[in-house]
1. Can you find even one residue in region 449-461 that is surrounded by fewer than 18 Cβ atoms within 10 Å (Cβ to Cβ), outside any loop (DSSP other than H, G, I, E, B) and in contact with a strand residue (DSSP E or B) (Cβ under 7 Å, 6 or more places away or on another chain)?
2. Return the residue satisfying two criteria in turn: it lies in region 419-434 and is touching a residue at least 60 places away in the same chain (Cβ under 8 Å) and surrounded by 14 or more Cβ atoms within 10 Å (Cβ to Cβ), and of such residues it is farthest from residue 401 (Cα to Cα).
3. With respect to residue 342, determine if the residue is assigned by TED's automatic domain parsing to the domain that holds residue 291 and closer than 16 Å to residue 50 by Cβ.
4. Among the numbered conditions (1) in a helix (DSSP H, G or I); (2) in contact with a helix residue (DSSP H, G or I) (Cβ under 8 Å, 6 or more places away or on another chain), tell me where residue 141 comes up short.
5. Being modelled with pLDDT of 95 or more, out of contact with any strand residue (DSSP E or B) (no Cβ under 6 Å at 6 or more places or on another chain) and assigned to a helix (DSSP H, G or I) is the requirement here; does residue 186 meet it?
6. Condition first: farther than 24 Å from residue 123 by Cα and within 12 Å of the ligand (Cβ to nearest atom). Now tell me which residues in region 436-482 satisfy that.
7. Looking only at residues in region 153-183 that are within 12 Å of the ligand (Cβ to nearest atom) and in a helix (DSSP H, G or I), which one is farthest from residue 107 (Cα to Cα)?
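The values are calculated or read from the model by the stated rules, or taken from the named source; none is laboratory data. What you are looking at is a predicted structure, and each value in this text was computed from that prediction instead of being measured. Positions of Cβ are backbone-derived with ideal geometry, glycine not excepted, and every protein chain shown enters the neighbour counts.
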Ligand code: UN1
């Protein structure tokens, strides 16, 4: 971002409240004992909102990374000894602290990432919600008891902490996705090393400070939650590091494959939440009002930069013209601009590279035969000086187009037509490499249940009369195929963060063998 403005008073205040003194390299690595001479290159962070320089961070090098891992190992020795309900108490306090800081943190998310303030607040709320869920888990890390086939034997399974959990997160949910992983991992007795996106490290520093306050108030070591700001090199060190038994990574399929391969090669565990190519099906029995609202939120919310964003709209031919007409009325009236302004619905994209990808995808799809119906322009003028503001686009396309098959992380909605029964729409929806989120709008029970059945959507998330984005934290979140197969957040996702052990205890004076085997010596 070439346009560097000075920080507004409001933002200076926010940074102060969150104690984000990013120019202090110690904070940038999460090591409060660090010194200014340590670390690699310095990276400037500019806001996508106005191009202003928000701060500079030191990128970690291998030496810093080593220090962070050592710190985490020490933290684990303390943390794993605490009974889970006591760990839950610490997470309860983190949830309270997040409530206190909800507004400044939400604002910083908006300013550093570009999503509208309502969504920035929503993201912090997601963190608070996951803390509450983790507190509940702290007394419910249940295993089963089984009946042994041998007399006077007892059998059960239990869950133990694993050690260090590595979290690699993306720019688009700079804080919530860390919290999903970190709070669940921590309540299970693990410590966390977090590598936030290098595009949004300042919100990472803010979270680190919030958590550090709670740890300090409870006389706990800071190595329980660790931060390491670095580039792909650090991600690679984490993926190859046997001291990190579980790496959870969110981002592109390309990145996830690298992480998965490296972690798999050492037979570690990886939890991958990667690209989506999410579709909404609008059937002939849809409530159009609801379908349109969900579509617009899904397609332009977060400027099309959610992994759950709606990218494809699969419409029954009988409703196609109606949908098109309604969308073409709404799109030109979307307020695009400063995401801190309460009236704005669409903020900027994260950076110039994202804008270039948006333009390129539109160019490519038109070459394939797609028809651009609305949007696609990059906005110019003083209010858009960062150069990151675009008009969300709608393109009439065919399901098999290369661009339609790909995830472009941008506000582009492809309109696709289907004929006949709902099975036809489901087949179009499933016929992509990704498998994260999906939705159907219908008032017809048969269509809805078919969509949810084994022959329905092949995605990790399948919704009826709800859009593709905006999942609650209570469910397990993730998807199939190129989305990576991981599940994080709610339901029983916590089990993946623990080491499972089966225990059999013999309280007899005999030593019977299972399966009735006789072995007399
Ligand atoms: C993401 O985009 O990586 O379901 C996560 C949603 C949000 C999370 C998205 N709760 O849209």
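1. yes
2. Let us first name the residues in region 419-434 that are touching a residue at least 60 places away in the same chain (Cβ under 8 Å), namely 419, 422, 425-426, 428-429, 432-434.
Pick out the ones that are also surrounded by 14 or more Cβ atoms within 10 Å (Cβ to Cβ) and you get 422, 425-426, 428-429, 432, 434.
Working: 422: 21, 425: 16, 426: 17, 428: 12, 429: 13, 432: 11, 434: 15 Å.
Step by step, filter region 419-434, then rank; the result is 422.
3. Numbers: assigned by TED's automatic domain parsing to the domain that holds residue 291: yes; closer than 16 Å to residue 50 by Cβ: no.
Spelling it out, it is not the case that residue 342 is assigned by TED's automatic domain parsing to the domain that holds residue 291 and closer than 16 Å to residue 50 by Cβ.
4. (1)
5. Numbers: modelled with pLDDT of 95 or more: yes; out of contact with any strand residue (DSSP E or B) (no Cβ under 6 Å at 6 or more places or on another chain): yes; assigned to a helix (DSSP H, G or I): yes.
When the stated conditions are applied, residue 186 passes them.
6. The answer is none; no residue qualifies.
7. Filtering region 153-183 for residues that are within 12 Å of the ligand (Cβ to nearest atom) and in a helix (DSSP H, G or I), the one farthest from residue 107 (Cα to Cα) comes out as 181.
Results for (1) in a loop (DSSP other than H, G, I, E, B); (2) farther than 22 Å from residue 296 by Cα, shown as yes or no for each residue.
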residue	(1), (2)
332	no, no
338	yes, no
344	yes, no
353	no, yes
358	no, no
369	yes, yes
372	no, no
376	yes, no
383	no, yes
